[in-house]
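A.B. asks: Just dropping this structure here.
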Amino acid sequence: GARPGSSEMDPRMLWIANALGAAVALALGVAVCAGLGSLHIYGEHTRAQLALAALLCSISSAWFAAEVERLLLLRSLGGGAYGQVATKDDTPQAERIGAATELEEASPQCDSSKVAAEPVHDATLKPWLSASLEPLRAGAELAGIVAFLYACDRTDLFAKASKVKEPARFWALWAIICVAALCTARELAGAGPLQRQQTDEWKGWMQIMFLMYHYFAEAEIYNAIRVYIAAYVWMTGYGNFFLYKRGNNFTVRRTMQMLFRLNFLGVIVCAALNNEFMLYYICAMHTFFTIIVALTLYVGQSLNTSAWGVYAKIAAVFLSVLVVYDGPRFVFVMLFGTVPGLRQVFAFHDPLHPEFTDEMHEWHFRSGLDRFVWIVGMWQAFHIRDFSSLLERIDAIPSSPRRLLARAVLAATALLLAGVWWSYVFKLDKFAYNR
């Protein structure tokens, strides 16, 4: 029988409501897609664009129907907590690009603190769609983001304008961001170098500078942007070395998760805007170098426990990269330009520079700039515990003058190396720096 405060609902009415909700949402989605498509200003739509639009419209309509179903079930249950969707988080806790020194996989078990107990209800009222509400919401959110990107980049809905270089505004905004960051500073629980929170903060600062650099056209900080990109690639070697050196992550599932995380958004944007994948070369770089790190530690896993074994692997990778990028040109072309499927991924045709006829030039140039830094990241990851132990020994020195002297020597050495690099490398002009 019905519980107090609730009303019975005919399961057939629930099905009808679902169907009507889906139909209305699908009609709205099709109307939005058709409207945006009619404003398209760059040639004909591709099959990939049409297929993606159909997929995102279907997901959005399913999401809308799920929300309708949830509201109807809430009403039939007297406004109970039925709408809480139990979720099971199988995502690894640590992100593998630039992960910190202590990387641990999260246990793939349900977090009981995130699961709301469902009230008992009529078994005939099965939540067909609302049981998948969380992924449907995520899909609808993605559809909205892609639609906004398309409207901005492939239509005239928003006016186009040239970038205006304003150094005063650039640095004023940067100062405001720095002040806001100081107001939210907090102390970490541990004292080890390059913890997860630190590398995440590091990546966040670089992302902000990337956006500001392009928005304000601040060409003067180009060398700094190059350093930031190299730092991201360095994190690829550093973080993935910790992950794969443990030897328990060489699984198809883990590999697919990694490839999905690195490339999903890039592939979606390429399909939506009909761009070539190399326009988002950072995805290809992270993917390629991550795969090489994984293969390096997968082959001969027994050597991973030996210092000489790890050094031998690093040396072999270094020599291989040297041959591919600095050896005869045909080696690079044979590797990336002749393997079926790879050439289409790494080829790039720059519409702004049609005089460039070598479609592999962009990939060779972009990946070649940072071809060794990820190997340095592997080496430093292998010795980070030695560095951490050194810092602990310095902190353990009982005499304050000797402890301060040791810290001063360490800081002075770092500053000296940084000063030499600044004077002889960082201050070079753009083209000399890239060489």
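A.B. asks: For region 245-253, indicate whether the set of residues that are open to solvent by less than 20 Å² (accessible area, probe 1.4 Å), assigned to a helix (DSSP H, G or I) and not polar (S, T, N, Q) is non-empty.
C.D. replies: no
A.B. asks: Then there is this: Quick one: how many residues across region 271-314 are free of Cβ contacts under 8 Å to residues at least 12 places away in the same chain and open to solvent by less than 20 Å² (accessible area, probe 1.4 Å)?
C.D. replies: Matching residues across region 271-314 total 1.
A.B. asks: Residues F330, F348, F318: which one is touching a helix residue (DSSP H, G or I) at 6+ places or on another chain (Cβ under 8 Å) and either within 24 Å of T255 (Cα to Cα) or open to solvent by 40 Å² or more (accessible area, probe 1.4 Å) (or both)?
C.D. replies: Every option except F318 fails the conditions.
A.B. asks: Please specify each residue of region 244-286 satisfying the condition of being at positive phi and at pLDDT 90 or above. Spell out how you get there, then give the answer.
C.D. replies: Start the filter on region 244-286 by keeping residues that are at positive phi, which leaves 247, 274.
If the condition is that a residue be at positive phi and at pLDDT 90 or above, then N274 is the only one that fits.
A.B. asks: Here is a further query. Do we have W379 as part of a helix (DSSP H, G or I), open to solvent by less than 70 Å² (accessible area, probe 1.4 Å) and closer than 28 Å to F242 by Cα here?
C.D. replies: No, not satisfied.
A.B. asks: What is the one condition in (1) open to solvent by 40 Å² or more (accessible area, probe 1.4 Å); (2) closer than 26 Å to H383 by Cβ that I176 does not satisfy?
C.D. replies: It fails just one condition, (2).
A.B. asks: Being aliphatic (A, V, I, L, M) and open to solvent by 70 Å² or more (accessible area, probe 1.4 Å) is the filter here; which residues of region 42-52 pass it? Let's see the steps before the verdict.
C.D. replies: Here is the first cut: in region 42-52, the ones aliphatic (A, V, I, L, M) are 48, 50-52.
If the condition is that a residue be aliphatic (A, V, I, L, M) and open to solvent by 70 Å² or more (accessible area, probe 1.4 Å), then L50 is the only one that fits.
A.B. asks: Select, from E359, E355, the only residue that is open to solvent by 60 Å² or more (accessible area, probe 1.4 Å), acidic (D, E) and not in a helix (DSSP H, G or I).
C.D. replies: The conditions single out E355.
The values are calculated or read from the model by the stated rules, or taken from the named source; none is laboratory data. All values reported here derive from a predicted model rather than from experimental measurement. Note that we place each Cβ from the backbone using ideal geometry, even for glycine, and neighbour counts take in every protein chain shown. The protein model used for the area step is the full one, side chains on, heavy atoms only, and it has no ligands, DNA or RNA in it. Shrake-Rupley method; radii C 1.70, N 1.55, O 1.52, S 1.80 Å.
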